[in-house]
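To start, the structure itself, in structure tokens.
Values in this text are rule-based calculations from the coordinates and carry no lab data. All figures in this text were calculated on a predicted structure; none of them were measured in a lab. Positions of Cβ are backbone-derived with ideal geometry, glycine not excepted, and every protein chain shown enters the neighbour counts.
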Amino acid sequence: MTDWIVLGLLGVLSVASALGLLLSRNAIYAALFLVLNFVIGAVIYLVLNAPFLAVVQISVYAGAIMVLFIFVIMLLGAERLTPAENPPGLNYQRPLALILGVLALGLAAYVLLTRQASAAPVAQSVDASPTAVGLQLFRNYVFPFEVVALLLLAAMVGAVVLTRKTE
Amino acid sequence: MPVVVEVTLKSAALIFVLLTGFAYLSLLERKFIARLQARIGPNRAGPFGLLQPVADGLKLIFKESVTPKGVDKPIYFLAPALVVVPALMLFAVIPVGKGATFQLASDLNVGALYVVGVMSLAVYGIALAGWASNNKYAVLGGLRAAAQMIAYELGMGLSVAAVVLMASSASLADIVAAQYPEQYGGILGWFLFRQPVAAAIFVIAAFAEVARAPFDLVEAEQELTAGFMTEYGGMKFALFFMGEYVKMIAVSALFTTFFLGGWSGPFVNEAPILSVVYFTIKVVVCLLAFIWVRATLPRVRYDKLMDMGWKVLFPVALANVLVTAVLILLGLPGYRL
Amino acid sequence: MLTQTPTPLNEDALKVRVEDVQLDITFEQLKRLVSPRALTGETMLMNMGPQHPSTHGVLRLLLELDGETIVNCIPDIGYLHTGIEKTAEGKTYLKAIPLTDRTDYLAPMSNNMAFCGAVEKLVGIEVPLRAQYLRVILLELTRMNSHLVWLGTHALDLGAMSVFLYCMREREMILDIYEAVSGARMMSSYIRPGGLWRDVPNVFFDLVQRVLDVFPKRLIEYEKLLTKNPMWKDRTVGIGKISAQDAIAWGMTGPCLRATGVKYDVRKAYPYSSYDHFDFDIPTGTNGDVFDRYKCRMEEFNQSLKIIRQALKRLPPGPVMTSDRKVAPPPKHEIAYSMESLIHHFKLWTEGFKAPEGEVYFAVESGKGEYGVLLSGDGTSKPRRVHFRAPSFHNLQPINEMARGQLLADLVAIIGSIDIVLGDVDR
């Protein structure tokens, strides 16, 4: 029962931080709300007995990626862009985002309603220690894992090539 | 005792010790560095200057709280707290002594990862302080902080990875235990001797993470006045100060845990309280090394620091993890699981 | 790296930029100082100083930065203007000496010497040999004093904090000597036209001997801490380069010039105070960068010690003040017996001695470079015009040449390496 209360509370907080992200006019605030959102996500993992995922969530998303985001925002001094200053040609994005958002919400609602209701979160029985995750990754899912690694490498090389100064 | 009460009490005790430790670390630093520099250091407040931290604290509390024009208020006030909190959080997983009495969450099976993750959160306070201050020097300081910490986090994380491989566990309690295998007598089992490269990388990255001299470019007084804390005064400044020192204690404690055998030492089985003493001694030695380096070396230049982080430290750390893994697979003496 | 959002060029934006810079100039003038990129906001204009820990006083630099790379570095001086030159015109030749202490306040004796040398040249006074030798000892100690403060602050600027305190410790020995001879630790006014204020006390020789004994060991310590330190080299080698031609064209002198390879030293080129009696070398560099300036000055410590040793050994006995009663005050005991002495005393302390009509230039090699005094006499006891050729001022001029294209952190090293004293720059 306590799990449900805690998870519900975290869910509300998570939605609130996500709304904060969407509604902030200031890019730094938006980024900070995103960090908060990630941290809440990590806490949810912890409650679901998956400390490894929680810690990875913190160190990768909150600790590395978002720091880069904030770095870039500070670097460009672009934290206070007004809508008028948005680059032209992106006006189609607002309705598109609306449609996609409604679709995602509908999907979630569909799953929630049609799914067999179980008594408690299932995570309790799953072993989510680093060892277990590692074994899963390198035994059952080694091919997707390597594919993702290759994809990231390609993205990295691409970024290096794109940002290199042309001589 | 219910677990909630126990954890709360332990945390409170830990925070009390850390904040006192911070105050007296600042005194230790001033005294020690004064000796290194042919000075005497503070000796007016109380016997041997022992009340100096109290005097400093009182002074800072009674400073007028000035908020400069044009700052982004919520973040400006939030930033100092964001520096202190991760530094304190690091201690949750560090075993400061033998037995459950002296440990909070040391048996967390992702302890080492937790350390890396929390350490990486510390940069927010500094970067945001620089951004919110509405000051060009502060922004430069904040940017430097963000870039520097990302660069050195990788090196640090990978050196910790090598340690985790050696101990075949990411729990800090296990890592301490792994440094005392049967076949080694005494300190030869320390990862300092079995993982010297990782230890060296950890030390260098630690200096950069804490942003202490010679890597104190974030606050480089002579270049950026005081970097991200240029516009801060009074208790808000004191919080930054506190964050830096607590973090310094934290990385010293981590170095002790990862490489110096943690709390272990002779006769800990007979008298567990000795383990806390050993741990404290090791941490203080690390702290003195921190201070000593500050008194000796000039500051490196920002671009050179970044070059070193990305082009030297990171590849070497990566190679070290690889070599360690291979050695463990081969089961060489000292690397056998 | 750090850029501002580019804004289109319009009158309002420009006014804001000029206001932002807070210089007392018009927009047209600003446009000539910075690159066009600054006006569109592509590069950042930033103030460094006058209140900044590493501008060595109240130097103010207007920096145009592309990220942390310096595009332009415009010095704005005058924050420490004290009107010393003008004040000196209203004082007798003797009373102007304390003013000279305060120009380059880290090398008071060199300034005293330059001014007294000019007066002696104008009036035509012979200085006894003992006084000349003692002056040489004191001038070399002053050079060491100046270099010690330079080394300390330079090292502190680059983050080597302990060296600063070690240098202050050594400087203390020299200040003790100042105190023993003149009674003052900084504003000595010890060198007077015609010689010295009085002969040195006996303790002087012990104190100088202490410097000679202790200093070489300490010098080795510094070399260990800095010269052989790869981090120090990282910060100094190849930074703030200037070519010999440029250095000469901008009027640089002293170690800054010698670091470019030009072997110019006033002590050798136009010997004064019997510098030609002593055997010493002029250390020079090759690259004209921060490290070479550092090396030159470090070697000058050794040369100074060498000169002091020779001067001490060959120090002749005799008076330390010219016997010309028109210039030098008579001994106190004579005043009680001799009417003549009483009159001289009275005339000297009320009106001062008169200098003939004419214009002289006299230069010394101070720790920072050629410290010259231009003195124009008009036949009265006060000068018509006094001008100091301040080495700090001339060495500061090419800072834009040296800093352009370097990083902000390098600028700190460059300012430290040219060894300026703002009292000397602004006078």
task = Tell me what chain C gives for mean residue ellipticity at 222 nm when only DSSP H runs of n ≥ 4 count, each as -39,500 (n - 2.57), the sum divided by the residue total, rounded to 500 deg cm²/dmol.
result = -14500 deg cm²/dmol
task = Please give the direction-averaged projected area of the C-alpha convex hull for segment B:228-337, in square nanometres with one decimal.
result = 11.0
key: Neighbour-count order for A:THR131, C:THR286, C:THR253, B:THR296, fewest beta carbons within 10 angstrom listed first   = C:THR286, A:THR131, B:THR296, C:THR253
inquiry  = For segment B:1-62, what does the relative contact order come out to in percent, with C-alpha contacts under 8 Å and a separation of six or more?
reply    = 21
query = Taking the simple approach of a point 7 Å from Cα along Cα-to-Cβ for both A:ALA109 and A:GLN136, what is their distance in nm?
reply = 3.1
note = Residues meeting the amide H criterion for C:ARG384 (H placed from the backbone, H to H distance under 5 Å, 5 or more places apart or on another chain) are C:SER376, C:GLY377, C:ASP378
ask   = Can you list the residues of segment B:1-33 with backbone N under 16 Å from a point 7 Å past the Cα of B:ALA100, pointing along Cα to Cβ?
value = B:1-11
ask   = For the residues B:LEU128, C:LEU305, what sequence is obtained by ranking on other C-beta atoms within 10 Å, fewest first?
value = C:LEU305, B:LEU128
remark   = With T = 4 °C, eta = 1.567 mPa s and Kirkwood Rh from C-alpha pairs, the Stokes-Einstein D of segment B:63-335 in µm²/s is about 67
ask   = Expressed in whole Å with the largest first, what are the equivalent ellipsoid semi-axes of segment B:1-75 derived from the C-alpha gyration tensor as the square root of 5 times each eigenvalue?
value = 30, 25, 12
request  = Please give the FRET efficiency for C:LEU315 paired with B:ASP303, using the beta carbon to beta carbon distance and R0 = 35 Å, rounded to the nearest 0.05.
outcome  = 0.10
Normalised convex hull volume, chain C, alpha-carbon set, Å³ per residue = 138
request  = Would you mind telling me which residue in C:LEU212, C:LEU411, C:LEU138 has the biggest mean-square fluctuation in a Gaussian network model of chain C, where springs connect alpha carbons within a distance under 10 angstrom?
outcome  = C:LEU212
Sequence-separation-based contact order of chain C, relative, with Cα cut under 8 Å and 6+ spacing, percent = 23
remark   = Cβ density ranking, 10 Å radius, fewest first, applied to B:TYR302, A:TYR45 yields A:TYR45, B:TYR302
query = How far apart, in nm, are two points set 7 Å out from the Cα along the Cα-to-Cβ line at C:ASP281 and at B:LEU329?
reply = 5.9
inquiry  = Given R₀ = 60 Å, what would the calculated FRET efficiency be for B:LEU19 paired with A:PHE145, taking r from the Cβ atoms and rounding to 0.05?
reply    = 0.85
key: Projected-area mean, the protein assembly as shown, by convex hull of Cα positions, square nanometres   = 49.0
remark   = Highest GNM mean-square fluctuation among B:LEU327, B:LEU172, B:LEU90, for chain B with Cα springs under 10 Å, belongs to B:LEU327
Sites C:LYS326 and C:GLU221 - FRET efficiency at Förster radius 60 Å, r taken between beta-carbons, to 0.05 = 0.75
note = Under a Gaussian network model of chain C whose springs join Cα atoms within less than 10 Å, the largest fluctuation of C:ASP281, C:ASP213, C:ASP101 belongs to C:ASP213
request  = Would you calculate the separation in nanometres between label points at C:TYR79 and A:ALA97, each defined as 7 Å from the Cα along the Cα-to-beta-carbon direction?
outcome  = 4.6
query = How large, in Å, is segment B:110-222 by the Kirkwood hydrodynamic radius built from its alpha-carbon pairs?
reply = 15.4
request  = Quick one: compute the contact order of chain B, relative version, from alpha carbon pairs under 8 angstrom and 6+ residues apart, as a percent.
outcome  = 23
ask   = Lys/Arg Cβ at +1, Asp/Glu Cβ at -1, dipole of segment B:63-335 taken about the Cα centre: which of B:GLY261, B:MET235, B:TYR245 is farthest positive-ward?
value = B:MET235
